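These notes are about the structure you will find just below.
The values are calculated or read from the model by the stated rules, or taken from the named source; none is laboratory data. Bear in mind the structure is a predicted one, so any value in this text is a computation, not a measurement. So basically every Cβ, Gly included, is an ideal-geometry build from the backbone, and we count neighbours across all protein chains shown. With ligands, DNA and RNA removed, areas are computed over all heavy atoms of the protein, side chains included. Shrake-Rupley method; radii C 1.70, N 1.55, O 1.52, S 1.80 Å.
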Amino acid sequence: MRTTRLQAQGHLVPLLRVPANTELTQFLCLHNDGTSPHSLARIYVPSDLPPKGLPCKPHSCRAFGTRSAEYCPPPTEIRERLTARLPTHEEAETLRIGSTLAVLDITRVTIDSNGRVIEAALLVLPSHRADAYFITRVAHAENRREG
């Protein structure tokens with residue numbers, strides 16, 4: 001995992017619901033399955049979320065083989081979008097796949113109880129090494145809120 005600081009620009013501004021130039025921490029996670037790269041994750045967290053001096057590894061990196069301390073606000077909602085597409089040149093090189101092999105592109109946005117985006121994860125998995133597994137829990141009528 002590699003960590004860098006950057007300013008929110010382009011697609012990150014609406015994704016994280018922050019003003020342009022907001023300072024972000026980017027976590028770049030590459031997970032290997034044996035000697036083969038299995039998945040690539042770029043995870044963005046607003047830099048003001050982790051307490052000063054305490055590193056906050058994002059929730060999404062845990063799924064990629066890292067352990068994390070729980071210094072961030074707990075999530076209350078996670079939104080995910082899954083698409084299939086061709087890899088960028090950089091992704092094909094990093095994942096050691098051909099440029100014509102589809103990848104699964106998952107955009108995961110994690111939101112806290114105040115409605116603030118606390119993490120945005122851009123996950124890329126080679127289609128021939130990935131499965132998608134979904135669980136949907138149905139809320140009973142008495143537990144639903146009108147909104």
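Working carefully through the options PRO51, PRO87, PRO73, find the one that is modelled with pLDDT of 95 or more and in a loop (DSSP other than H, G, I, E, B).
Of the residues listed, the single one that is modelled with pLDDT of 95 or more and in a loop (DSSP other than H, G, I, E, B) is PRO87.
Going by the conditions given, is LEU82 out of contact with any Cys (no Cβ under 6 Å at 6 or more places or on another chain) and assigned to a loop (DSSP other than H, G, I, E, B)?
No, not satisfied.
Table: residues versus (1) open to solvent by 70 Å² or more (accessible area, probe 1.4 Å); (2) modelled with pLDDT of 90 or more; (3) of a type in the set (A, V, I, L, M).
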{"site": "GLU80", "(1), (2), (3)": "yes, yes, no"}
{"site": "THR83", "(1), (2), (3)": "no, yes, no"}
{"site": "GLU93", "(1), (2), (3)": "yes, yes, no"}
{"site": "ALA102", "(1), (2), (3)": "no, yes, yes"}
{"site": "VAL109", "(1), (2), (3)": "no, yes, yes"}
{"site": "PHE134", "(1), (2), (3)": "yes, no, no"}
{"site": "ALA141", "(1), (2), (3)": "yes, no, yes"}
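How many residues does the range 110-122 hold that are assigned to a strand (DSSP E or B) and either within 13 Å of ALA84 (Cβ to Cβ) or without any contact (Cβ under 8 Å) to a residue 60 or more places away in the chain (or both)?
Matching residues across the range 110-122 total 3.
Restricted to the range 13-22, and to residues that are outside any loop (DSSP other than H, G, I, E, B) and out of contact with any strand residue (DSSP E or B) (no Cβ under 6 Å at 6 or more places or on another chain), which residue is least open to solvent (accessible area, probe 1.4 Å)?
Filtering the range 13-22 for residues that are outside any loop (DSSP other than H, G, I, E, B) and out of contact with any strand residue (DSSP E or B) (no Cβ under 6 Å at 6 or more places or on another chain), the one least open to solvent (accessible area, probe 1.4 Å) comes out as VAL13.
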